[in-house]
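The structure under discussion appears below in the form of C-alpha coordinates.
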Amino acid sequence: MSAEASTNSSPSSSSGAVPPYPSKMARTEVGNPDVRAGSVGSGCSSADEDEDVEYCENSPWVFIPEPVFGKIFLALEPRDIMRAGQTCKRWNKLSRDEYIWRKYFQREFNVEASIGLKPGAESWRAEYKRLTDNVPMVMTDVLTNHSHQVLHVSFSHNGKMFATCSKDGFVIVWNSAYPSTIRDSYDMRKLSWKYTQFSQFNQSDTLLLVSGVHFGAPHSTSGEIAVFTVQGGFRLKCRVANRPYDIFGSWFSDQHLLSGDLNWLAHLVSTSFLWLNKANQEVDSEHTPIRNQMYKFYNRNASSIRAIMVANCPWLNDESVAKKDECAGEGTSKTAVIDDDEDDRRIGNPLSHYQMNQDQAMDDVYRAGRDIDLDFPYIPLENH
(Lines give C-alpha, C1' and ligand atoms only; values in the text may rest on other atoms or scores of the structure.)
Protein backbone atom coordinates (compact mmCIF):
# COMPACT_ATOMS: atom_id res chain seq x y z
CA MET A 1 0.00 0.00 0.00
CA SER A 2 2.85 2.39 0.80
CA ALA A 3 4.45 1.70 -2.57
CA GLU A 4 1.17 2.55 -4.30
CA ALA A 5 0.87 5.75 -2.31
CA SER A 6 4.37 6.76 -3.31
CA THR A 7 3.65 6.05 -6.95
CA ASN A 8 0.39 8.04 -6.91
CA SER A 9 1.79 11.07 -5.10
CA SER A 10 4.88 11.63 -7.29
CA PRO A 11 4.88 10.78 -11.00
CA SER A 12 7.90 9.13 -12.59
CA SER A 13 10.55 11.42 -14.00
CA SER A 14 10.52 9.42 -17.22
CA SER A 15 6.88 10.31 -17.91
CA GLY A 16 7.88 13.81 -19.08
CA ALA A 17 5.11 15.57 -17.11
CA VAL A 18 6.08 18.78 -15.30
CA PRO A 19 4.45 18.99 -11.88
CA PRO A 20 3.29 22.33 -10.50
CA TYR A 21 5.79 24.22 -8.39
CA PRO A 22 4.86 23.56 -4.74
CA SER A 23 4.84 26.20 -2.05
CA LYS A 24 6.51 25.88 1.34
CA MET A 25 3.18 25.00 2.84
CA ALA A 26 2.77 22.26 0.27
CA ARG A 27 6.21 20.95 1.14
CA THR A 28 5.27 20.83 4.79
CA GLU A 29 2.12 18.95 3.95
CA VAL A 30 4.09 16.51 1.83
CA GLY A 31 6.37 15.78 4.80
CA ASN A 32 3.46 15.41 7.21
CA PRO A 33 2.45 11.73 7.56
CA ASP A 34 -1.02 12.67 8.81
CA VAL A 35 -1.78 14.76 5.74
CA ARG A 36 -0.46 12.07 3.41
CA ALA A 37 -2.47 9.45 5.22
CA GLY A 38 -5.60 11.55 4.79
CA SER A 39 -4.96 12.02 1.08
CA VAL A 40 -4.28 8.39 0.15
CA GLY A 41 -6.00 6.58 2.95
CA SER A 42 -2.89 5.00 4.55
CA GLY A 43 0.37 5.89 6.28
CA CYS A 44 3.71 6.40 4.50
CA SER A 45 7.25 5.55 5.39
CA SER A 46 9.92 8.15 6.08
CA ALA A 47 11.83 7.02 2.98
CA ASP A 48 8.87 7.92 0.78
CA GLU A 49 8.58 11.32 2.46
CA ASP A 50 12.24 12.12 1.88
CA GLU A 51 11.89 11.08 -1.74
CA ASP A 52 8.93 13.41 -2.30
CA VAL A 53 10.61 16.37 -0.59
CA GLU A 54 13.77 15.84 -2.62
CA TYR A 55 11.71 15.68 -5.82
CA CYS A 56 9.83 18.91 -5.00
CA GLU A 57 13.03 20.79 -4.23
CA ASN A 58 14.50 19.64 -7.56
CA SER A 59 11.32 20.34 -9.59
CA PRO A 60 11.92 21.93 -13.01
CA TRP A 61 9.62 24.84 -12.00
CA VAL A 62 12.23 25.96 -9.48
CA PHE A 63 14.87 26.59 -12.11
CA ILE A 64 12.76 28.24 -14.85
CA PRO A 65 14.25 31.69 -15.64
CA GLU A 66 12.14 34.77 -14.96
CA PRO A 67 11.92 35.80 -18.66
CA VAL A 68 10.31 32.44 -19.40
CA PHE A 69 7.86 32.99 -16.55
CA GLY A 70 7.09 36.40 -18.04
CA LYS A 71 6.17 34.88 -21.40
CA ILE A 72 4.00 32.28 -19.70
CA PHE A 73 2.20 34.89 -17.58
CA LEU A 74 1.57 37.15 -20.59
CA ALA A 75 -0.26 34.27 -22.25
CA LEU A 76 -2.72 34.17 -19.33
CA GLU A 77 -5.56 36.47 -18.30
CA PRO A 78 -4.91 38.96 -15.48
CA ARG A 79 -7.23 37.10 -13.11
CA ASP A 80 -5.24 33.91 -13.74
CA ILE A 81 -2.02 35.76 -12.92
CA MET A 82 -3.46 36.82 -9.56
CA ARG A 83 -4.42 33.23 -8.80
CA ALA A 84 -0.98 31.97 -9.80
CA GLY A 85 0.56 34.54 -7.46
CA GLN A 86 -1.02 32.71 -4.53
CA THR A 87 1.00 29.54 -5.22
CA CYS A 88 4.32 30.53 -3.68
CA LYS A 89 6.48 33.52 -2.84
CA ARG A 90 8.41 33.43 -6.08
CA TRP A 91 5.28 33.31 -8.22
CA ASN A 92 3.75 36.07 -6.11
CA LYS A 93 6.78 38.26 -6.75
CA LEU A 94 6.73 37.52 -10.48
CA SER A 95 2.98 38.21 -10.71
CA ARG A 96 3.63 41.78 -9.52
CA ASP A 97 6.37 42.48 -12.05
CA GLU A 98 5.95 45.91 -13.66
CA TYR A 99 6.98 44.63 -17.09
CA ILE A 100 4.07 42.20 -17.16
CA TRP A 101 1.46 44.73 -16.03
CA ARG A 102 2.75 47.37 -18.43
CA LYS A 103 2.23 44.90 -21.28
CA TYR A 104 -1.26 44.12 -19.97
CA PHE A 105 -2.08 47.84 -19.75
CA GLN A 106 -0.84 48.60 -23.26
CA ARG A 107 -2.74 45.65 -24.70
CA GLU A 108 -6.00 46.34 -22.87
CA PHE A 109 -6.21 50.11 -23.46
CA ASN A 110 -4.31 50.37 -26.78
CA VAL A 111 -1.53 52.51 -25.31
CA GLU A 112 1.59 53.02 -27.39
CA ALA A 113 4.80 51.57 -26.01
CA SER A 114 6.46 55.00 -26.11
CA ILE A 115 3.98 56.42 -23.57
CA GLY A 116 5.16 56.09 -20.00
CA LEU A 117 3.34 55.89 -16.71
CA LYS A 118 1.41 59.06 -15.94
CA PRO A 119 2.87 61.38 -13.27
CA GLY A 120 1.71 60.54 -9.77
CA ALA A 121 0.67 56.99 -10.60
CA GLU A 122 1.83 54.29 -8.20
CA SER A 123 2.54 51.50 -10.69
CA TRP A 124 1.24 49.93 -13.89
CA ARG A 125 -0.47 47.26 -11.81
CA ALA A 126 -2.21 49.87 -9.66
CA GLU A 127 -3.33 51.80 -12.76
CA TYR A 128 -4.69 48.65 -14.35
CA LYS A 129 -6.60 47.85 -11.17
CA ARG A 130 -7.94 51.40 -10.92
CA LEU A 131 -9.38 51.28 -14.43
CA THR A 132 -10.79 47.76 -14.30
CA ASP A 133 -11.62 46.87 -10.69
CA ASN A 134 -15.22 47.45 -9.57
CA VAL A 135 -16.11 49.04 -12.91
CA PRO A 136 -19.62 48.02 -14.07
CA MET A 137 -19.20 46.49 -17.50
CA VAL A 138 -22.35 44.39 -17.74
CA MET A 139 -24.52 45.11 -20.78
CA THR A 140 -28.16 45.11 -19.72
CA ASP A 141 -29.95 46.59 -22.75
CA VAL A 142 -29.38 47.16 -26.45
CA LEU A 143 -31.29 50.30 -27.47
CA THR A 144 -31.96 50.57 -31.20
CA ASN A 145 -34.46 53.43 -31.39
CA HIS A 146 -31.97 55.91 -32.86
CA SER A 147 -31.40 55.58 -36.60
CA HIS A 148 -28.00 57.32 -36.62
CA GLN A 149 -24.92 57.77 -34.47
CA VAL A 150 -25.54 58.62 -30.80
CA LEU A 151 -23.43 61.65 -29.86
CA HIS A 152 -24.18 62.19 -26.18
CA VAL A 153 -25.80 60.52 -23.16
CA SER A 154 -26.64 62.31 -19.90
CA PHE A 155 -28.19 60.96 -16.70
CA SER A 156 -30.53 62.69 -14.28
CA HIS A 157 -29.31 63.34 -10.74
CA ASN A 158 -31.81 60.91 -9.22
CA GLY A 159 -30.69 58.18 -11.62
CA LYS A 160 -34.21 57.46 -12.85
CA MET A 161 -33.81 58.94 -16.35
CA PHE A 162 -31.24 59.46 -19.04
CA ALA A 163 -31.30 61.39 -22.32
CA THR A 164 -29.67 60.54 -25.64
CA CYS A 165 -28.79 62.88 -28.52
CA SER A 166 -28.20 61.62 -32.03
CA LYS A 167 -27.40 62.66 -35.57
CA ASP A 168 -30.89 61.53 -36.55
CA GLY A 169 -32.17 64.79 -35.01
CA PHE A 170 -34.04 63.21 -32.10
CA VAL A 171 -33.60 63.72 -28.39
CA ILE A 172 -34.98 60.79 -26.39
CA VAL A 173 -35.57 60.62 -22.64
CA TRP A 174 -35.49 57.10 -21.24
CA ASN A 175 -36.56 55.47 -18.01
CA SER A 176 -33.37 53.91 -16.68
CA ALA A 177 -35.11 51.06 -14.84
CA TYR A 178 -34.56 47.65 -16.42
CA PRO A 179 -35.65 47.18 -19.12
CA SER A 180 -35.13 50.73 -20.37
CA THR A 181 -38.20 52.29 -21.96
CA ILE A 182 -38.81 55.55 -23.82
CA ARG A 183 -40.30 58.22 -21.60
CA ASP A 184 -40.43 61.10 -24.11
CA SER A 185 -38.89 62.08 -27.43
CA TYR A 186 -38.82 65.06 -29.76
CA ASP A 187 -37.77 65.46 -33.38
CA MET A 188 -35.65 68.62 -33.34
CA ARG A 189 -35.63 68.72 -37.14
CA LYS A 190 -39.05 70.36 -36.79
CA LEU A 191 -37.14 73.37 -35.40
CA SER A 192 -34.72 73.37 -38.38
CA TRP A 193 -31.98 71.54 -36.49
CA LYS A 194 -29.45 69.31 -38.23
CA TYR A 195 -28.91 67.12 -35.18
CA THR A 196 -28.81 67.13 -31.39
CA GLN A 197 -25.39 66.96 -29.77
CA PHE A 198 -25.65 67.64 -26.02
CA SER A 199 -28.15 67.43 -23.16
CA GLN A 200 -28.12 68.16 -19.44
CA PHE A 201 -30.69 67.86 -16.64
CA ASN A 202 -31.04 70.68 -14.15
CA GLN A 203 -30.41 69.99 -10.46
CA SER A 204 -34.06 69.27 -9.63
CA ASP A 205 -34.48 67.00 -12.69
CA THR A 206 -37.49 69.01 -13.84
CA LEU A 207 -35.94 70.57 -16.97
CA LEU A 208 -33.75 69.26 -19.77
CA LEU A 209 -31.31 71.43 -21.72
CA VAL A 210 -30.76 70.25 -25.30
CA SER A 211 -28.12 71.75 -27.59
CA GLY A 212 -27.84 71.22 -31.33
CA VAL A 213 -26.77 72.50 -34.74
CA HIS A 214 -28.93 74.60 -37.06
CA PHE A 215 -29.43 74.14 -40.77
CA GLY A 216 -27.56 76.78 -42.74
CA ALA A 217 -24.49 77.28 -44.88
CA PRO A 218 -22.08 74.33 -45.21
CA HIS A 219 -19.57 76.01 -42.91
CA SER A 220 -22.11 77.59 -40.58
CA THR A 221 -21.32 77.55 -36.85
CA SER A 222 -24.83 78.48 -35.74
CA GLY A 223 -26.45 76.46 -33.00
CA GLU A 224 -29.40 76.63 -30.65
CA ILE A 225 -30.35 75.57 -27.13
CA ALA A 226 -33.83 74.33 -26.26
CA VAL A 227 -35.25 73.69 -22.79
CA PHE A 228 -37.95 71.06 -22.21
CA THR A 229 -40.01 70.20 -19.18
CA VAL A 230 -39.47 66.66 -17.93
CA GLN A 231 -42.26 66.44 -15.35
CA GLY A 232 -45.86 66.69 -16.50
CA GLY A 233 -45.16 66.25 -20.19
CA PHE A 234 -42.29 66.94 -22.56
CA ARG A 235 -43.07 70.58 -23.42
CA LEU A 236 -40.78 73.17 -25.03
CA LYS A 237 -40.20 76.10 -22.66
CA CYS A 238 -37.69 78.30 -24.48
CA ARG A 239 -35.19 78.48 -27.34
CA VAL A 240 -31.89 80.37 -27.12
CA ALA A 241 -29.38 81.13 -29.88
CA ASN A 242 -25.96 79.60 -29.33
CA ARG A 243 -22.91 80.42 -31.44
CA PRO A 244 -20.66 78.62 -32.05
CA TYR A 245 -22.63 75.44 -31.59
CA ASP A 246 -19.82 73.64 -29.71
CA ILE A 247 -20.20 75.94 -26.70
CA PHE A 248 -23.03 73.45 -25.95
CA GLY A 249 -24.44 75.48 -23.04
CA SER A 250 -24.75 74.64 -19.36
CA TRP A 251 -27.06 75.12 -16.40
CA PHE A 252 -25.97 77.97 -14.14
CA SER A 253 -28.71 77.37 -11.58
CA ASP A 254 -31.91 75.41 -11.41
CA GLN A 255 -33.78 77.93 -13.59
CA HIS A 256 -30.99 79.74 -15.47
CA LEU A 257 -28.69 78.55 -18.25
CA LEU A 258 -25.63 79.82 -20.08
CA SER A 259 -25.33 80.28 -23.84
CA GLY A 260 -22.68 81.77 -26.11
CA ASP A 261 -22.24 84.21 -28.96
CA LEU A 262 -19.35 85.10 -31.25
CA ASN A 263 -18.59 88.36 -33.09
CA TRP A 264 -15.69 88.76 -35.52
CA LEU A 265 -13.70 91.98 -35.12
CA ALA A 266 -10.97 91.49 -37.71
CA HIS A 267 -9.02 88.75 -39.43
CA LEU A 268 -8.51 85.94 -36.88
CA VAL A 269 -9.72 88.26 -34.09
CA SER A 270 -13.10 87.83 -32.42
CA THR A 271 -15.08 88.40 -29.23
CA SER A 272 -16.92 85.67 -27.32
CA PHE A 273 -19.91 86.44 -25.10
CA LEU A 274 -21.49 84.32 -22.40
CA TRP A 275 -25.16 85.08 -21.78
CA LEU A 276 -27.26 84.22 -18.74
CA ASN A 277 -30.77 83.16 -19.80
CA LYS A 278 -33.96 82.32 -17.97
CA ALA A 279 -35.25 78.83 -18.62
CA ASN A 280 -38.78 80.18 -19.11
CA GLN A 281 -40.01 83.25 -20.97
CA GLU A 282 -41.17 86.06 -18.69
CA VAL A 283 -44.83 86.90 -19.36
CA ASP A 284 -45.79 88.79 -16.21
CA SER A 285 -43.84 91.97 -16.95
CA GLU A 286 -42.00 93.32 -19.98
CA HIS A 287 -39.54 95.04 -17.64
CA THR A 288 -38.22 91.77 -16.22
CA PRO A 289 -35.04 90.78 -18.07
CA ILE A 290 -34.79 87.25 -19.41
CA ARG A 291 -31.24 87.59 -20.77
CA ASN A 292 -28.16 89.20 -19.31
CA GLN A 293 -24.57 89.37 -20.53
CA MET A 294 -22.17 87.84 -18.03
CA TYR A 295 -18.71 87.65 -19.60
CA LYS A 296 -16.87 88.95 -22.63
CA PHE A 297 -13.66 87.40 -23.98
CA TYR A 298 -11.19 88.76 -26.51
CA ASN A 299 -9.96 86.02 -28.85
CA ARG A 300 -6.86 85.94 -31.02
CA ASN A 301 -5.51 83.47 -33.58
CA ALA A 302 -9.04 82.40 -34.58
CA SER A 303 -9.66 80.88 -31.13
CA SER A 304 -12.94 81.09 -29.24
CA ILE A 305 -14.68 79.85 -26.10
CA ARG A 306 -15.85 76.23 -26.31
CA ALA A 307 -17.64 73.78 -24.00
CA ILE A 308 -18.46 75.92 -20.96
CA MET A 309 -19.03 74.32 -17.56
CA VAL A 310 -20.17 75.70 -14.21
CA ALA A 311 -18.49 74.15 -11.17
CA ASN A 312 -19.01 74.44 -7.44
CA CYS A 313 -16.26 75.97 -5.29
CA PRO A 314 -16.27 73.98 -2.02
CA TRP A 315 -14.08 76.53 -0.24
CA LEU A 316 -16.96 79.03 -0.43
CA ASN A 317 -18.97 76.81 1.88
CA ASP A 318 -15.95 76.51 4.19
CA GLU A 319 -15.68 80.31 4.36
CA SER A 320 -19.37 80.56 5.17
CA VAL A 321 -19.02 78.06 8.02
CA ALA A 322 -15.99 79.92 9.40
CA LYS A 323 -17.82 83.23 9.19
CA LYS A 324 -20.81 81.74 10.98
CA ASP A 325 -18.57 80.44 13.77
CA GLU A 326 -17.02 83.90 14.17
CA CYS A 327 -20.44 85.53 14.47
CA ALA A 328 -21.80 82.92 16.86
CA GLY A 329 -20.41 84.66 19.92
CA GLU A 330 -21.16 88.22 18.78
CA GLY A 331 -24.92 88.14 18.93
CA THR A 332 -27.86 86.89 16.92
CA SER A 333 -28.19 89.67 14.32
CA LYS A 334 -25.09 88.80 12.31
CA THR A 335 -25.80 85.10 12.62
CA ALA A 336 -29.24 85.71 11.16
CA VAL A 337 -27.69 87.49 8.20
CA ILE A 338 -25.34 84.55 7.62
CA ASP A 339 -28.32 82.20 7.71
CA ASP A 340 -30.06 84.35 5.11
CA ASP A 341 -26.87 84.21 3.05
CA GLU A 342 -26.90 80.41 3.16
CA ASP A 343 -30.57 80.40 2.16
CA ASP A 344 -29.63 82.35 -0.96
CA ARG A 345 -27.29 79.61 -2.08
CA ARG A 346 -28.66 77.45 -4.83
CA ILE A 347 -27.35 74.24 -6.28
CA GLY A 348 -27.28 74.01 -10.05
CA ASN A 349 -25.90 71.55 -12.57
CA PRO A 350 -23.10 71.39 -11.59
CA LEU A 351 -23.51 73.20 -8.28
CA SER A 352 -23.69 76.97 -8.63
CA HIS A 353 -23.18 79.70 -6.07
CA TYR A 354 -26.23 81.84 -5.38
CA GLN A 355 -29.77 82.56 -6.45
CA MET A 356 -30.28 85.12 -9.17
CA ASN A 357 -32.13 87.49 -6.83
CA GLN A 358 -29.07 88.05 -4.64
CA ASP A 359 -29.03 91.79 -5.45
CA GLN A 360 -32.57 92.10 -4.10
CA ALA A 361 -31.49 90.19 -1.00
CA MET A 362 -28.63 92.63 -0.48
CA ASP A 363 -31.03 95.59 -0.75
CA ASP A 364 -33.25 94.00 1.89
CA VAL A 365 -30.25 93.56 4.18
CA TYR A 366 -29.20 97.20 3.90
CA ARG A 367 -32.76 98.46 4.29
CA ALA A 368 -32.93 96.51 7.53
CA GLY A 369 -29.91 98.47 8.77
CA ARG A 370 -27.59 95.49 8.98
CA ASP A 371 -24.15 96.82 8.19
CA ILE A 372 -22.19 93.71 7.33
CA ASP A 373 -19.81 92.98 4.47
CA LEU A 374 -20.85 89.85 2.60
CA ASP A 375 -18.42 88.79 -0.12
CA PHE A 376 -20.28 87.40 -3.13
CA PRO A 377 -18.10 85.75 -5.77
CA TYR A 378 -20.47 86.60 -8.63
CA ILE A 379 -22.42 89.78 -9.33
CA PRO A 380 -24.33 89.89 -12.65
CA LEU A 381 -23.45 92.68 -15.05
CA GLU A 382 -25.98 95.24 -16.16
CA ASN A 383 -27.84 94.73 -19.43
CA HIS A 384 -25.95 95.95 -22.50
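Some notes on this structure:
- Restricting attention to region 241-259, the residues that are without any contact (Cβ under 8 Å) to a residue 40 or more places away in the chain and assigned to a strand (DSSP E or B) total 3.
- Among the residues of this structure, D184 counts as one that is under 20 Å from K237 (Cβ atoms), in contact (Cβ under 8 Å) with a residue 24 or more places away in the chain, assigned by TED's automatic domain parsing to the domain that holds C238 and of a type in the set (D, E).
- Note on region 242-273: among residues that are surrounded by 15 or more Cβ atoms within 10 Å (Cβ to Cβ) and among the aliphatic types (A, V, I, L, M), the one that is farthest from Q203 (Cα to Cα) is L262.
- Matching residues, region 106-121, being touching a Phe, Trp or Tyr at 6+ places or on another chain (Cβ under 9 Å) and in a loop (DSSP other than H, G, I, E, B): V111, L117
- Criterion: within 22 Å of L236 (Cβ to Cβ), under 23 Å from the mean Cα position of the chain (by Cα) and loosely packed, with under 15 Cβ neighbours inside 10 Å - qualifying residue of N175, N202, N134: N175
- Those residues of region 59-83 which are more than 19 Å from T132 (Cα to Cα), in a helix (DSSP H, G or I) and hydrophobic (A, V, I, L, M, F, W, C), in sequence order: W61, V62, F63, V68, F69, I72
The values are calculated or read from the model by the stated rules, or taken from the named source; none is laboratory data. Because the structure is a prediction, the values reported are computed rather than measured. All Cβ positions, glycine included, derive from the backbone under ideal geometry; neighbour counts span all protein chains shown.
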